[in-house]
Structures are given as structure tokens and as C-alpha cells.
Amino acid sequence: QVQVAESGGGLVQAGGSLTLSCTASGSISSINFMRWYRQAPGKQRELVAGISSGGSTSYADSVKGRFTISRDNAKNTVYLLMNSLKAEDTAVYYCMVWAWAPVGPLTGYWGQGTQVTVSS
């Protein structure tokens, strides 16, 4: 089994910063992509940022210049540093890890989500 767990969510005032982390564990052979998504009430889940095994990053236009995604391969962990937070960033943030189990194809695994609330 592969387990994915996010942490770091909470309440922050507009203009503040918050760092999320996501760690994969269990029966993992290796990890490929790692991505952060978010979903606000009544909204579709959207891709926020992604990072490849080689460290190439991508961001949604709404967070470019404010959010930074990074990874620590030794810890099987991906981070999302969020700066200059806005009320519209309020959402449940989900981590998705694409990994190979010892036997099996490349598969995406979701974390349970962590709530980020930005007050203004």
C-alpha cells in the first residue's frame, strides 16, 4: 500500500504565508511527478502546481509569483510555500503523488487534503 499525507494547513490573514508538506510512504519503488491541487466549496478541483522527477515546475496563473513548489527526494516529500495569500486561496489543498510500487504501473495516489483558510 502507498500512503500520502498532507500537513501544514491552517488559518492565516491575507498577505501572510503558509507552507504545506506532503509525504508519501509505504510500498514505494520510486516517485515520478508530485502535484498540488485545491478545491473550494462549489468549485472544481484545480491544479495549483506540479514538479517533475527532474525538478521542472509549473504553476497555475493565479498563483505564479506567489507560490513555490519543491521536493526532497530523500524524504519522499513535496512542499508548497504560499506567500502573499489572498482570500480566494481558501480551499482544501490536496497532494497527488505519481509513483511505482515494487510491482505495478505508474499510479497516482491522493492525500486526504488539508484546509487552508485565508481571512481578509
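The values are calculated or read from the model by the stated rules, or taken from the named source; none is laboratory data. Keep in mind that this is a model prediction, so the values were computed, not measured. Positions of Cβ are generated from backbone atoms using ideal geometry, with glycine treated the same way; all protein chains shown enter the neighbour counts. Side chains are part of the model used for accessible areas, which takes the heavy atoms of the whole protein and leaves out ligands, DNA and RNA. Shrake-Rupley method; radii C 1.70, N 1.55, O 1.52, S 1.80 Å.
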| Restricting the first residue to the stretch 47-71 and requiring it to be free of Cβ contacts under 8 Å to residues at least 40 places away in the same chain and farther than 19 Å from residue 31 by Cα, which pairs with a second residue that is part of a loop (DSSP other than H, G, I, E, B) and open to solvent by less than 60 Å² (accessible area, probe 1.4 Å) meet a Cβ separation below 8 Å and a spacing of at least six or different chains? | 66/83; 66/85; 67/83; 68/83
| When residues of the stretch 102-117 are limited to those that are within 15 Å of residue 39 (Cβ to Cβ) and open to solvent by less than 40 Å² (accessible area, probe 1.4 Å), the one farthest from the chain's Cα centre (by Cα) | 116
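For residue 31, indicate whether it is under 20 Å from residue 3 (Cα atoms), in contact (Cβ under 8 Å) with a residue 40 or more places away in the chain and β-branched (Val, Ile, Thr). Write out each step before concluding.
Details: under 20 Å from residue 3 (Cα atoms): yes; in contact (Cβ under 8 Å) with a residue 40 or more places away in the chain: yes; β-branched (Val, Ile, Thr): yes.
In short, yes.
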| remark: Checked 71, 35 against criteria (basic (Lys, Arg), in a strand (DSSP E or B) and open to solvent by 60 Å² or more (accessible area, probe 1.4 Å)); the one match is 35
| Is there a residue in the stretch 81-101 that is among the polar types (S, T, N, Q), surrounded by 13 or more Cβ atoms within 10 Å (Cβ to Cβ) and in contact with a strand residue (DSSP E or B) (Cβ under 8 Å, 6 or more places away or on another chain)? | yes
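Which one of 29, 58 is more than 20 Å from residue 8 (Cα to Cα) and modelled with pLDDT under 95?
Answer to the check: 29.
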